[in-house]
1. Suppose only helical runs count, i.e. DSSP H with n ≥ 4. What mean residue ellipticity at 222 nm does that imply for the chain under -39500 (n - 2.57) per run, divided by all residues and rounded to the nearest 500 deg cm²/dmol?
2. Based on Cβ point charges of +1 for Lys and Arg and -1 for Asp and Glu, what charge dipole magnitude is obtained for the chain about its Cα centre, in debye rounded to the nearest 20?
3. What is the Cα radius of gyration of the range 2-190 over 2.2 N^0.38 Å, N being its residue count?
4. Once the dipole of the chain is set up with Lys and Arg at +1 and Asp and Glu at -1 on Cβ about the Cα centre, which of Gly31, Thr281, Gly53 lies farthest towards its positive end?
5. Measure up Lys196/Lys270; Lys258/Lys312; Lys21/Lys231; Lys154/Lys180; Lys6/Lys299; Lys169/Lys236 against 19 Å on the Cα-Cα distance and list the ones that go over.
6. Kirkwood hydrodynamic radius of the chain from all distinct Cα pairs, in Å?
7. May I ask for the distance between the Cα centers of the range 183-240 and the range 247-314, given as a whole number of Å?
8. How many percent of DSSP beta bridges within the chain run antiparallel, rounded to 5?
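Each reported figure results from applying straightforward, stated rules to the coordinates on display, with no laboratory input. Worth saying up front: this structure is predicted, and the values here are computed from it rather than measured. Here Cβ is always computed from backbone atoms with ideal geometry, including for glycine, and neighbour counts include all displayed protein chains.
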Amino acid sequence: ENTANKIAAGEVVERPASIVKELAENSLDAGSRNIEIEIAEGGIPFIRVTDDGSGMSREDAKLSVLRHATSKIYEVDDLECISSLGFRGEALPSIAAVSKFSLTTRLHGEELGTYLEIQGGTISDLREGAGQVGTTITIQDLFFNTPARRKFLKTPATEASQIHQVVTKLALSHPDVSFKLINNQKLVLHTPGTNKLRDTLTSLYGTQIAPDLIEIDYADTNISISGMIGKPTLLKGSRQWQTYIVNLRVINSRFIAKAIDNAYHSLLPKTGFPLAVLQITVPLDSVDVNVHPQKSDVKFRDEQQVFRAVYKAVTTTLVNPQQ
Ligand code: ADP
Ligand code: MG
């Protein structure tokens, strides 16, 4: 069992940023309004994610660290229509297999919660705990028992910047949730959770970008695209200001990147990469999210349709900008 968890950890837990992504996605799935992520030294010695979501009962807390004990999928058919960010039940056991793991959780309306600790993959401590409503998960000494993996980690500064990117994108995918990131005791990111993407963007990238943002609002049969793109005056040397979101999930996609490029280049010279936050909504069963251990690549039933929609949404917005 613990070997299986360690193997799965190799796929799910590549680096501290993958842990932050999994934990924060769990917080989102639990309906949190506020998610606070605290790290030290790039997350290698310390990551803590605190949320104000549903919390867990003692039984659920014990189950949560067991492999494939997801509470989000009940039947195989549900895999065709996944609306939660998590669905494999792999993240917590995988993370707990390669770190020193502890969890505090309390349900709304209960006086006492649960404290649980895992060492080397087994529960080493389980007791009642006070604690706030919601869940706090603390990860210490990542890869302490898998030294070969530890060697592949980059410098704390590089790992911290990967975490910063992950949190930035998650915050853009959920403008209705307030995210905080604290690195070495310094608050480095704080989104307001006002449910206005414009507010989230300016809190992340600076108020000076506000005049350069154009709203996207596009709808066609079975696909809609909303979000913001940057005016052509606001270009970057990389795609770091691009976030693609499908049904509230942050994804990687080369072809969406290509569709944005083509749209800008059909109207403008090639000089850099625009800001783009695209919130794409398609029917749940027209996208397969179960193709990658980290759930960041997805497969569309009709990729061409999505390509054309992105291209059209961006070009029409650029030609006729609404602010
Ligand atoms: P998955 O997200 O795929 O279900 P995880 O290993 O990430 O699997 O989490 C296991 C289970 O633990 C979840 O299904 C959920 O029931 C519970 N859980 C994890 N994190 C939280 C949280 N922050 N708040 C409430 N429940 C949580
Ligand atoms: Mg999960």
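1. -9500 deg cm²/dmol
2. I would put it at about 1240 debye.
3. So the Cα radius of gyration is 0.97 times the expected 2.2 N^0.38 Å.
4. Comparing the listed Cα positions along the dipole, Thr281 ranks first.
5. Exceeds cut-off: Lys196/Lys270; Lys21/Lys231; Lys154/Lys180; Lys6/Lys299.
6. On the way: mean 1/r = 0.0486 Å⁻¹.
Result for the chain, one decimal place: 20.6 Å.
7. The range 183-240 and the range 247-314 have Cα centres separated by 16 Å.
8. 80
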